[in-house]
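Working notes for the structure below.
No lab work stands behind these numbers, since they all come straight from the coordinates. Given the structure is predicted, the values throughout are model-derived calculations rather than measurements. As a convention, Cβ positions derive from the backbone with ideal geometry for all residues, glycine included, and neighbour counts pool all protein chains shown.
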Amino acid sequence: MVNKERMAKEFMELVRIDSLTFNERKMADKLKALLESYGYSPWEDDAGCKVRGNAGNIICTIKGEKDVPAVLLMAHMDTVSPGTNKNPVMEGDIIKTDGNTVLGADDAAGIECILEAVRVLKEDGIKHGDIQIVFTIAEEGGLNGAKALDYSKIYARYGIVLDEGGPIGRVAVSAPSQNKIDIVVKGKAAHAGVEPEKGISAIQIAAEAISGMKLGRIDPETTANIGVISGGYATNIVCDRVELKAECRSRDKAKLEAQTAHMKECFEQAASKLGGSVEFKSELMYPAFNISAEDEIISILKDAAEEAGVELKLDATGGGSDTNILNGKGIQSVNISVGMEKAHSVEEQIRVDDMVKAVRFLLAIISNIR
């Protein structure tokens, strides 16, 4: 049923489209045109205006013949840098980058699997319930499109997000929440050669704070990282301001709050010790989700995996995705693998056979909704 050659050709066309975060216009236009060519009526919401992008989320509802709960299929349109002028290379069954950019299988592979699935349903006359499709903008770095989506238009009970790597059959059923943290450390400027005693180094305060901080893998559910540090003007000036960007994640709310408080305390103690001050801001970017073994969607996945001949692997992930937002909105959702490898790198690649298997798994999921 699944047309492998068609998938490979179209996937390579999709990844050639420049679609960086907040600049998904060309991809949005392409996907609307494709869905319209299948006889459907996609529309674009105003998420782009809300997040200051040049395109909105693409939404399409396909009415079904079976009286079963609706399912939402979701993938995101944006890619990370370096992601302009992508030149995919096909070697045998593998599509990869030319070594200069990302491939964009994250998440053009998810998009392609959804497109092929709805084509197969239509071409083969497979009966199904209502299907809602959402291709989101600005997922990378904030899940912005999913947050800005008008959920009054979404009535699906289940959500299948196609934005995971690993073997086909791997399903993320648990993921952490994330706090975005912005810190400003303030010291006092002075001439570093003439009167350094009159200065207070913001760099030294930041170093003191970080040296005593728990970072990296905190426990099996919790991580923390200082990702960006900037500050200073010249070597002959005692630095009076340092800005840092950090994060912490956990699948446990109490642990997330405790790690955030610990990071704040480290900066405050260092500032107090050395005579400076600190501004510490934390923002919850998305909630955690945990699908239990008793949830209805797990039974659907088990039956679908058996039907599609894939090994089901229910897994916990350390990354966030649109799945977090869907579950936070009350839509029972999981994130399934489309087979992408080495995402967010210039070594990114994907096997066409894996995308084909992912489509067969997705079709089986749709057929087993009851």
State the Cα centre-to-centre distance between the range 174-226 and the range 37-87 in whole Å.
39
The range 116-172: chymotrypsin sites (Phe, Trp or Tyr not before Pro) in DSSP coil with no more than 16 other Cβ atoms inside 10 Å:
Tyr155
Taking a ≥ b ≥ c as the square roots of the eigenvalues of the Cα gyration tensor, with a/c under 1.5 meaning rounded and otherwise prolate when a/b exceeds b/c and oblate if not, the range 237-279 is oblate
What percentages, rounded to whole numbers, describe P(r) for the range 178-286 computed over all alpha carbon pairs with 10 Å bin width beginning at zero?
16, 44, 26, 11, 3, 0
Hey, quick one: spin label on Glu65, modelled 7 Å out along Cα-Cβ, who in the range 91-135 has an amide N within reach, i.e. under 12 Å?
122-129
Just need the Rg to Rh number for the range 131-221, please, alpha carbons only, Kirkwood Rh.
1.22
Length gained if Ala192 through Arg16 is fully extended, taking 0.36 nm per residue and subtracting the Cα-Cα distance, is 58.3 nm
The range 1-59, relative contact order [Cα under 8 Å, separation at least 6], %:
28
Relative contact order of the chain: what whole-number percent is it, with Cα pairs under 8 angstrom and at least 6 residues apart?
23
Considering only the other residues whose Cβ falls under 9 Å of the Cβ of Ser282, what net charge follows from Lys and Arg at +1 and Asp and Glu at -1?
+1
What distance in nm lies between label points placed 7 Å from Cα along the C-beta direction at Gln269 and Ser152?
5.0
Would you mind giving the three semi-axes, in whole Å and largest first, of the ellipsoid equivalent to the chain according to its Cα gyration tensor?
43, 22, 18
Can you work out the PRE-style zone for Ser37? Point 7 Å along Cα to Cβ, and I want the residues of the range 1-20 with backbone N under 19 Å.
2-19
Could you please report the charge total around Ser272, scoring K, R as +1 and D, E as -1 over all other residues with beta-carbon less than 11 angstrom from its beta-carbon?
-2
Built amide H within the under 5 Å cut-off of Ser345, gap 5+
Leu103
Per q in 0.20, 0.24 Å⁻¹, report the Debye log10 I(q)/I(0) for the range 4-47, using one uniform scatterer on each alpha carbon and no solvent.
-0.74, -0.95
At 7 Å along Cα-to-Cβ for each site, give me the label-to-label distance between Glu279 and His262 in nm.
2.7
In whole angstrom, note down how far apart the Cα centers of the range 111-161 and the range 279-352 are.
14
Past the 18 Å Cα-Cα mark, which pairs from Lys30/Lys342; Lys63/Lys153; Lys26/Lys86; Lys26/Lys342; Lys147/Lys342; Lys9/Lys30?
Lys30/Lys342; Lys26/Lys342; Lys147/Lys342
Could you quote the convex hull projected area for the range 241-370, Cα atoms only and averaged over all directions, in nm²?
11.3
Starting from the 7 Å offset along Cα-to-Cβ, what nm value, one decimal, do you get for the label separation of Ala254 and Arg52?
3.9
Cα-based equivalent ellipsoid of the range 211-275: semi-axis lengths in Å, sorted from largest, via gyration tensor
28, 13, 8
Could you order the peptides 42-53, 241-252 from most to least packed, using the average number of other C-beta atoms within 10 Å per residue?
241-252, 42-53
